[in-house]
Amino acid sequence: MLDLLHAALATKDLLPARRLVDADGLVAAARDHDVVQTGPVSKDNQWQARTEGAFTIEAFHPDWDRKIATCPAGHDSRSWHPNHNLGRTVIRIRFAAQHCRACSVKPRCTRSQRRLLTPRSREEHDALVAAQPRETSSAFAVDRRRRAGIEGTLSRGVRTMGLRRSRYLGLARTHLQHLLTAKAINLGRLAAWIGDTPAGRTRRSAFARLMARPTAA
């Protein structure tokens, strides 16, 4: 939705210089409007990313123009096919099984017969790679705290005011509901400030609280 949102804001000359987003927002096409996206990079959940010395996708050097990736052992990929699913493009890059089976570094690369890489499209992949160094900066930590406040506001709207579901039919009435919900949240915060109500603590799930309990000796 960021593309539509930025286009609408541009017609009213209300585009922000910077926007705090989640991981998916980093790859949204906001560059046409010169809006800087700040947010976390999608985490690599593959076992290679959690194993020291294993080969993550960064160890394979994709040639986007030739549509070939080269593995750490020097073998080129066998196939390169885009996969369009749910509005997101993922590149499926496969290597030859005959090369992978006989490779001396296979234990550091894959547990399957051959390695499969699934990077996003070139534009999205480059945006994520460029955003990685920013996560270690102090400015990024400050921005993440601001984003946490936004998430808290959304959570309150969902938990106490049914923000995820519309009570009415039609876009105009739903928009009115959103405006009234925002006003109610602001009034609630104002009442808490006037009444000197202490800020709530971050909620933890029942499972997280159970895991934090000390175990019996």
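The values are calculated or read from the model by the stated rules, or taken from the named source; none is laboratory data. All of these numbers come straight from a predicted model, not from anything done at the bench. A quick note on method: Cβ atoms are made from the backbone with ideal geometry, for glycine too, and the neighbour counts reach across all protein chains shown. In case anyone asks, the SASA skips ligands and DNA or RNA and just uses the protein heavy atoms, side chains included. Shrake-Rupley method; radii C 1.70, N 1.55, O 1.52, S 1.80 Å.
Using a probe of 1.4 Å on the protein chains alone, the accessible area found for ASP63 is around 50 Å². Largest GNM mean-square fluctuation among ALA96, ALA139, ALA172, using the chain with Cα springs under 10 Å: ALA172.
Per-atom-type breakdown for the chain gives carbon and sulfur 55% of the accessible area (1.4 Å probe, protein chains only). Close amide H contacts of ARG115 (hydrogens built in the peptide plane, cut-off under 5 Å, sequence separation of 5 or more or a different chain): PHE95. Residues THR110, THR153, THR118, ordered by accessible area of protein heavy atoms at a 1.4 angstrom probe radius and largest first, appear as THR118, THR153, THR110. For the chain, the residue among LEU15, PRO198, VAL129 whose Cα projects farthest onto the positive side of the dipole built from Cβ charges is PRO198.
The slack between LEU128 and ARG209, meaning 0.36 nm per residue of separation minus the straight C-alpha distance, is 25.8 nm.
Segment ARG201..HIS81, full-extension length gain: 38.5 nm, with 0.36 nm per residue of separation and the alpha-carbon distance subtracted. Here the Karplus curve 6.51 cos²θ - 1.76 cosθ + 1.60, taken at θ = phi - 60°, turns the phi angles of region 92-97 into couplings of 9, 10, 10, 10, 5, 4 Hz, with x standing for Gly and Pro. Sequence neighbours fewer than 8 away in the same chain don't count; with that in mind, list the lysines whose C-alpha is under 27 Å from LYS67. Qualifying lysines at Cα under 27 Å: LYS43, LYS106. Annotation: CYS71 carries an accessible surface of approximately 20 Å², with a 1.4 Å probe and no ligand, DNA or RNA atoms counted. Among the chymotrypsin sites (Phe, Trp or Tyr not before Pro) in region 49-94, those located in a DSSP loop and surrounded by at most 15 other Cβ atoms within 10 Å of their own Cβ are TRP64. Restricting to DSSP loop positions (anything but H, G, I, E, B) with no more than 13 other Cβ atoms inside 10 Å of their own Cβ, which trypsin sites (Lys or Arg not before Pro) remain in region 40-92? Of the trypsin sites (Lys or Arg not before Pro), the ones in loops of region 40-92 whose Cβ has at most 13 other Cβ atoms within 10 Å are LYS43, ARG66. Screening the chain for whole DSSP H helices of 15 Å or more along their axis (Cα) with average Kyte-Doolittle hydropathy at least 0.0 returns 171-194.
A Gaussian network model of the chain, with springs between Cα atoms under 10 Å, assigns the largest mean-square fluctuation among ALA131, ALA141, ALA17 to ALA17.
In the context of the full set of protein chains, residues of the chain present 73 Å² of accessible surface per residue (probe radius 1.4 Å, heavy atoms only).
Once the C-beta distance of ARG88 and ALA192 is scaled by a Förster radius of 45 Å, the resulting FRET efficiency is 0.70 to the nearest 0.05. Computing Kirkwood radius over Cα pairs in Å for the structure here picks out one of (i) 16.9; (ii) 21.7; (iii) 17.6, namely (ii).
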